[in-house]
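What follows is a short report on a single structure.
The values are calculated or read from the model by the stated rules, or taken from the named source; none is laboratory data. Everything numeric in this text was worked out from a predicted model, so none of it was measured. With ideal geometry, Cβ positions are generated from the backbone for all residues, glycine too; neighbour counts draw on all protein chains shown. Note: areas computed on protein heavy atoms with side chains; ligands, DNA, RNA excluded. Shrake-Rupley method; radii C 1.70, N 1.55, O 1.52, S 1.80 Å.
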Amino acid sequence: MNFTGMIRFTPTEKAAPKIGDILLSEPFLDDPYFGRKAVFLCENNKDGAFGLVLNNFVNIKIADVLEDLTDVSARISIGGPVNSANLYYLHTSPDIEGSNEIIKGVYLGGEFETLKDKIKAGFTSFRFFIGYSGWSDTQLSDEIRSHSWFITRASSKEIMSTEGENDEFWKRLINGMGPGYSHIAEAPSDPTLN
């Protein structure tokens, strides 16, 4: 029997994630933080990895988190289970001091007061995250070897988008990996329903 044409439901174990990559959970991962999630990898080195879940939107108003941004309406995402008392942010403004460009046109952090002033003046190209996703030195590579993550890239527009619901966002990025991945995007989250 020839197995070269088999459809795979699991990611490759040989992938090596880089800063700016998107980690897409395998379709059957049963985890409240990472099941059907897309994580934007912002740091990855010998000490560990840091990322933000792009599609774990919650019904929290920015004014509930930041009292001085009462007139701003934007979706907030749970960035991950680590440091959930802290707010993290992405933006597209190269002139915010102290920010780090993760991919072309997408910046992490920087001088928060400057960002808030820009937002009050009408700047809308930002995303807020409660908490972050973190991995110890070998944890992420171990998870990749265990087939937990697909690795892909996404445009700055996709990364900054807050349109669609959580599963739709994940499916859109899985489908964007190419025609051979549509079966993964359409797989039920419970494999016994397949």
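Looking at the range 147-166 only, could you name the residues that are loosely packed, with under 14 Cβ neighbours inside 10 Å and not in a helix (DSSP H, G or I)? Give the steps one after another, and end with the answer.
So the first thing to find is which residues in the range 147-166 are loosely packed, with under 14 Cβ neighbours inside 10 Å, and the list is 155, 157, 163-165.
Listed by number, the residues that qualify are S155, E163, G164, E165.
One residue is enough: does the range 46-56 have a residue meeting the conditions without any contact (Cβ under 8 Å) to a residue 60 or more places away in the chain and either surrounded by fewer than 18 Cβ atoms within 10 Å (Cβ to Cβ) or within 22 Å of I19 (Cβ to Cβ) (or both)?
Of the range 46-56, the ones without any contact (Cβ under 8 Å) to a residue 60 or more places away in the chain are none.
No: the range 46-56 contains no residue that is without any contact (Cβ under 8 Å) to a residue 60 or more places away in the chain and either surrounded by fewer than 18 Cβ atoms within 10 Å (Cβ to Cβ) or within 22 Å of I19 (Cβ to Cβ) (or both).
Given the structure, is S77 surrounded by fewer than 18 Cβ atoms within 10 Å (Cβ to Cβ), part of a strand (DSSP E or B) and not aliphatic (A, V, I, L, M)?
On the way: surrounded by fewer than 18 Cβ atoms within 10 Å (Cβ to Cβ): no; part of a strand (DSSP E or B): yes; not aliphatic (A, V, I, L, M): yes.
So S77 does not fit the description; no.
Search the range 57-70 for residues being outside any loop (DSSP other than H, G, I, E, B) and either in contact (Cβ under 8 Å) with a residue 40 or more places away in the chain or touching a helix residue (DSSP H, G or I) at 6+ places or on another chain (Cβ under 6 Å) (or both), and hand back the single one that is surrounded by the most Cβ atoms within 10 Å (Cβ to Cβ).
At the first step, the residues of the range 57-70 found to be outside any loop (DSSP other than H, G, I, E, B) are 57-58, 62-65.
With either in contact (Cβ under 8 Å) with a residue 40 or more places away in the chain or touching a helix residue (DSSP H, G or I) at 6+ places or on another chain (Cβ under 6 Å) (or both) added as a condition, the list becomes 57-58, 62, 65.
Details: F57: 16, V58: 10, I62: 20, V65: 12.
Filtering the range 57-70 for residues that are outside any loop (DSSP other than H, G, I, E, B) and either in contact (Cβ under 8 Å) with a residue 40 or more places away in the chain or touching a helix residue (DSSP H, G or I) at 6+ places or on another chain (Cβ under 6 Å) (or both), the one surrounded by the most Cβ atoms within 10 Å (Cβ to Cβ) comes out as I62.
Counting only residues that are loosely packed, with under 12 Cβ neighbours inside 10 Å and in contact with a helix residue (DSSP H, G or I) (Cβ under 8 Å, 6 or more places away or on another chain), how many does the range 96-146 have?
Count: 2.
Identify all residues within the range 46-62 that are within 14 Å of F128 (Cβ to Cβ) and charged (D, E, K, R); write none if there are none.
K61
Any idea which residue in the range 17-37 is farthest from V82 (Cα to Cα), counting only those that are touching a strand residue (DSSP E or B) at 6+ places or on another chain (Cβ under 8 Å), in contact (Cβ under 8 Å) with a residue 12 or more places away in the chain and open to solvent by 50 Å² or more (accessible area, probe 1.4 Å)?
As a first pass, look at the range 17-37 and keep what is touching a strand residue (DSSP E or B) at 6+ places or on another chain (Cβ under 8 Å): 17-26, 31, 33-37.
Those left that are additionally in contact (Cβ under 8 Å) with a residue 12 or more places away in the chain: 17-26, 33-37.
Now drop any that are not open to solvent by 50 Å² or more (accessible area, probe 1.4 Å), which leaves 18-19, 33.
Working: K18: 20, I19: 19, Y33: 10 Å.
So the residue we want is K18.
Please count how many residues of the range 109-154 are of a type in the set (S, T, N, Q), within 22 Å of N44 (Cβ to Cβ) and at pLDDT below 95. Full working, then the answer.
Step one: filter the range 109-154 for residues of a type in the set (S, T, N, Q), giving 114, 124-125, 133, 136, 138-139, 141, 146, 148, 152.
Filter once more, keeping what is within 22 Å of N44 (Cβ to Cβ): 133, 136, 138-139, 141, 146, 148, 152.
Among the residues that remain, those that are also at pLDDT below 95 are: 136, 138-139, 141, 146, 148, 152.
Matching residues across the range 109-154 total 7.
Please determine whether any residue of the range 38-45 is open to solvent by 70 Å² or more (accessible area, probe 1.4 Å), modelled with pLDDT of 85 or more, within 25 Å of L173 (Cα to Cα) and under 14 Å from the mean Cα position of the chain (by Cα).
yes
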